[in-house]
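*Asks:* Structure provided below as structure tokens; questions to follow.
What follows draws every value from the coordinates through simple rules; no lab data is involved. All figures in this text were calculated on a predicted structure; none of them were measured in a lab. Note that each Cβ is placed from the backbone with ideal geometry, even for glycine, and that neighbours are counted across all protein chains shown.
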Amino acid sequence: MTEKVSQPRQIADRLTSPLHDAVFSWPTLLLLVATGLFILNIFASPYFLSPWALSDATFNFTEKAIIAFAMALLIISGEIDLSVAAIIALSSTTMGLVLQYGVDTPGLILIGTVTGVACGAFNGLLVTGLGLPSIVVTIGTMSFFRGISFMILGDKAFNGYPPSFAYFGQGYVWWVISFEFVLFFVVAAAYYILLHRTNFGRHVFAIGNNPVAARFSGVRVARVKFILFCLVGLMSGIAAVLLTSRLGSTRPSIAQGWELEVITMVVLGGVAILGGSGTIQGVFVAAFVMGLISFGLGLLNVPGIVMSIFIGSLLIVVIALPILAGKIRERRT
Amino acid sequence: MKAIARKHEFWLAMVVMSMIGATALRSPGFASLEKLAVIFNDSSMLIILALGQMVVILTRSIDLSMASNLALSGMIVALVNAGYPSIPVPALMVLATCCGLFLGAFNGVLIWRIGIPSIVVTLGTLTIYRGAIFLIAGGKWVNADRFTEEFVQYTRVEFLGLPALSWYAIAIVIGFFVIMTRTTLGRSIYAVGVNPNAALYTGINIGRTQFIAFCMSGALSGFCGYLWVSRYVIGSVEVAKGYELTIVAACVIGGISIAGGVGTVAGAMLGALFLGVMSNALPVIGVSPFWQMAISGAAIILAVIINASSQKKSKRLILRKEPGAS
């Protein structure tokens, strides 16, 4: 959005060593922050190190992080989706709706994810088919999707999900390792491979850096972007299944404000908001950073709204520091 | 380009008027002057805020922190009024505006001096400002009984049949019309949005122009902070929560291009009026208030589609004359 006057990119003659890159990379920096937070938390509260407390803490961020991975790809490609929380609301509502007709757990999951994909495809169609700016389209669909939830539910709620459905948001795979936490790792691995190890991932970076050049190189820009919107929709649908299962009920106000938290997570993970660069590792660590902050502060009885000050400041500081460091380095040379 | 923009405002005005007309068919009182005055008064704050957002969007930025800024400035004047009832209200209005200006300038400095994208900065300050309300008020609300009578009346006093709130909006609309069309500042704001490269070569400081735009949106948010608290007689953390996107929606419906450089004062005002008329009309024609969100969402999507098709941009990337628009 804030496009500065474009200048030719400078490329150094010599590559820096891979070790240097790994040590000074964004994920490493974040990992240091996360470790610091972890140690701080140990000192701050005696309850922090209990396995069950830590396990509980993961629920704070896994659902959001699952969306954040797909969102990272979308943002790298130069688009954005502000409607993810609204997609959760609509998916959850359709699940509640078919529940009234006696649909059981497998059907519920299918409906939830299909609704998510359909919403994502709708966004994708508007953005790629009609060539509209994604930020505005998704502000519109954000009201539209959640609005449909409100139309269906009004001030009521859907309850009475079957017991077998509760596993996805409340179940444990082994000891304190929850199903959600395992899914978080699986999704992270899948997106790591998709973004960093496949042609599709290279296309995403190419589009984000220069859509025109990408198109001239034979990348199907519109199709890749459409798929990314569908993926974000799919992940929102999955998050809706998890969240609905965890809460055991559906209200139209479910997951309100999550879109900004998901985007904060992505940006915190080192993904350039203007597109073109970012890593899944970064987003992965950023999820833990945000989880640790909210959990640690929660143990200290800091209210949620004050926590948001920390997260907001963290977002700005973490983005500002490398830029400032770069400026100082520039001045020296 | 100006002809197209003018066309958009013309059609939007037609749509708003036909909405009023259609609603009046169902309920004849709807088109009465009194009711129209009520609708305008209801939309006043959104009009003011949309103007601030417009200036920012014109410079290719976005301000997502406006609603939080409004709530924080509002809470500050609410606390001052509850604590020191002797301070005259005009001083409080200035205080609210200055608070907002300061918060906006904070956004602006980060964008101008450090070069962080505006969407990131304001996403951060959106939560920071909202959290700060909780801190300064200690999590408490300022309830209706703690405000002075004068504080509440400054948005309600009627003059020529319109409440003061509406007159503030009218004055600000006129002021912004003059700024945007008759001053070098207004022209440079458009120039930065249309083509930053060309603007730079004509000697316009892009960062500084964006900084000024954020100061303007901040000051208007702060002023609306007072108006909001005075109108709804409550100061709380929840004030105007989620309103930032309604403001952007008003701008989008008003034909202001999110890519920058395109949009007018009349457009922003009509976009806000469109949403105001709609929220007043739906209950009258018997539509459940729960439908309103979906309808305004659909309106935004439609508005974007219409805006885009009126600009007739080729969908083909290859062999297009002007690349890199997205």
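*Asks:* Can you give the FRET efficiency to the nearest 0.05 for B:GLU158 and B:ASN197, using r as the Cβ-Cβ distance and R₀ = 45 Å?
*Replies:* Efficiency, from the Cβ-Cβ distance: 0.35.
*Asks:* Give me the Kirkwood hydrodynamic radius of region B:1-108 in Å, from all C-alpha pairs, to one decimal place?
*Replies:* Evaluated over region B:1-108, this radius sits at 17.1 Å.
*Asks:* Please say if region A:18-88 is rounded, prolate or oblate, where rounded means a/c under 1.5 for a ≥ b ≥ c the square roots of the C-alpha gyration tensor eigenvalues, and otherwise the choice is prolate for a/b larger than b/c and oblate otherwise?
*Replies:* oblate
*Asks:* Can you give the FRET efficiency for A:VAL186 and B:ARG208, using 1/(1 + (r/R0)^6), R0 = 60 Å, r = Cβ-Cβ distance, to the nearest 0.05?
*Replies:* So the FRET efficiency works out to roughly 0.80.
*Asks:* Further question on the same structure: Using just the helices of the protein assembly as shown, give the 222 nm mean residue ellipticity in deg cm²/dmol: DSSP H runs with n ≥ 4 each add -39,500 (n - 2.57), and the total is spread over all residues, rounded to 500.
*Replies:* That calculation yields -23500 deg cm²/dmol at 222 nm.
*Asks:* Take each uninterrupted DSSP H stretch in chain A, measure its Cα extent along the helix axis, and return the ones at 18 Å or beyond whose mean Kyte-Doolittle hydropathy is at least -0.5.
*Replies:* Those that clear 18 Å and a mean of -0.5 are A:26-44, A:51-76, A:84-99, A:105-124, A:134-153, A:179-196, A:221-247, A:280-299, A:304-332.
*Asks:* Next question. Cα gyration tensor of chain B, axes a ≥ b ≥ c as square roots of the eigenvalues: rounded (a/c below 1.5), prolate (a/b > b/c) or oblate?
*Replies:* Since a/c reaches 1.5 but b/c is at least a/b, the shape of chain B is classed as oblate.
*Asks:* Could I ask something else about it? Please arrange A:ASP13, B:ASP42, A:ASP81 by how many other C-beta atoms lie within 10 Å of their C-beta, fewest to most.
*Replies:* Fewest-to-most Cβ neighbours within 10 Å comes out as A:ASP13, B:ASP42, A:ASP81.
*Asks:* Additional query: Which distance in Å, rounded to a whole number, links the C-alpha centroids of region B:30-93 and region B:235-255?
*Replies:* 11 Å
*Asks:* Further question: Once you have a ≥ b ≥ c as the square roots of the Cα gyration tensor eigenvalues for the protein assembly as shown, tell me rounded if a/c is under 1.5, and otherwise prolate or oblate according to whether a/b is larger than b/c.
*Replies:* rounded
*Asks:* Also, I was wondering about something else. Taking only Cα atoms and a 10 Å spring cutoff, compute GNM fluctuations for chain A and point out the largest among A:ILE323, A:ILE311, A:ILE87.
*Replies:* Answer for the Gaussian network model of chain A: A:ILE323.
*Asks:* I want the local charge near B:CYS251. Using Cβ-Cβ distances under 12 Å, sum +1 for each Lys or Arg and -1 for each Asp or Glu among the other residues.
*Replies:* That works out to -2.
*Asks:* Straight-line reach only, C-alpha to C-alpha below 16 angstrom: list the aspartates and glutamates that B:LYS35 could link to, leaving out same-chain residues fewer than 8 apart.
*Replies:* Those aspartates and glutamates meeting the cut-off are B:GLU158.
*Asks:* Right, here's the next one. Between A:TRP175 and A:VAL212, what's the calculated FRET efficiency when r is the beta-carbon distance and R0 is 60 Å? Round to 0.05.
*Replies:* For R0 = 60 Å, the calculated efficiency reads 0.70.
*Asks:* Percent of Cα-Cα pairs per 10 Å bin, from 0 to the last occupied bin, for region B:130-195, please list those.
*Replies:* In order of increasing distance, the bins hold 17, 22, 24, 27, 10, 0 percent.
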